[in-house]
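A quick write-up on the structure given underneath.
The values are calculated or read from the model by the stated rules, or taken from the named source; none is laboratory data. All values derive from a computational prediction rather than experimental measurement. Positions of Cβ are backbone-derived with ideal geometry, glycine not excepted, and every protein chain shown enters the neighbour counts.
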Amino acid sequence: MSRNSVEAAVAAEEEPGPSGHGEDAQGPEPPGWLAQVPYFLVLATMAAGIVVVAAAYFKRGPAIIAGALLLAALLRHVLPEDRVGMLAVRGRWFDIATALALAGALVVLAWVAPALSS
């Protein structure tokens, strides 16, 4: 390989993208905090479920928390690795299986919990 061909290859790599700023064809990289939005959605839904349990609704609260875990499993399955944020703990399938198992356990708990009579 000649020196001119190496220089031409390096120059081709350094050329700016379509916008002229050296960006990829996909556009600019989104901010890092944006990857944590799915985690905060799940966290907010879990917090809502805990508030409902604290208000003495022992059937609705675990069902809401189970919904949050199902949302976490869905987001973990759908989102790519660089967008999943703190929802990624172990491997993808381990995280999904754990969230689904816990959601199933909470649904059973909500189903068998006795209704409080007032």
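What to note about this one:
- Residue within the range 54-61 that is in contact (Cβ under 8 Å) with a residue 60 or more places away in the chain and either outside any helix (DSSP H, G or I) or basic (K, R) (or both) present: yes
- Checking A72, A103 one by one, the residue that is among the small types (G, A, S), assigned to a helix (DSSP H, G or I) and within 19 Å of Q36 (Cβ to Cβ) is A72 and no other.
- Qualifying residues in the range 75-100 (those that are in contact (Cβ under 8 Å) with a residue 12 or more places away in the chain and among the acidic types (D, E)) - the one nearest to P38 (Cα to Cα): D82
- Filter result (farther than 17 Å from V108 by Cα, among the small types (G, A, S) and touching a Leu at 6+ places or on another chain (Cβ under 9 Å)) within the range 42-74: A56, A72, A73
- Residue within the range 21-42 that is in a helix (DSSP H, G or I), under 13 Å from the mean Cα position of the chain (by Cα) and polar (S, T, N, Q) present: yes
- Residue within the range 30-44 that is at pLDDT below 75 and surrounded by fewer than 16 Cβ atoms within 10 Å (Cβ to Cβ) present: yes
- When L70 is tested against the conditions (1) more than 13 Å from the chain's Cα centre (by Cα); (2) under 23 Å from F40 (Cβ atoms), the lone failure is (1).
- Looking only at residues in the range 75-100 that are part of a helix (DSSP H, G or I) and among the basic types (K, R), the one that is farthest from the chain's Cα centre (by Cα) is R92.
- Taking the numbered list (1) at pLDDT 95 or above; (2) surrounded by 18 or more Cβ atoms within 10 Å (Cβ to Cβ); (3) over 20 Å from the mean Cα position of the chain (by Cα) in turn, P62 passes all entries but (1).
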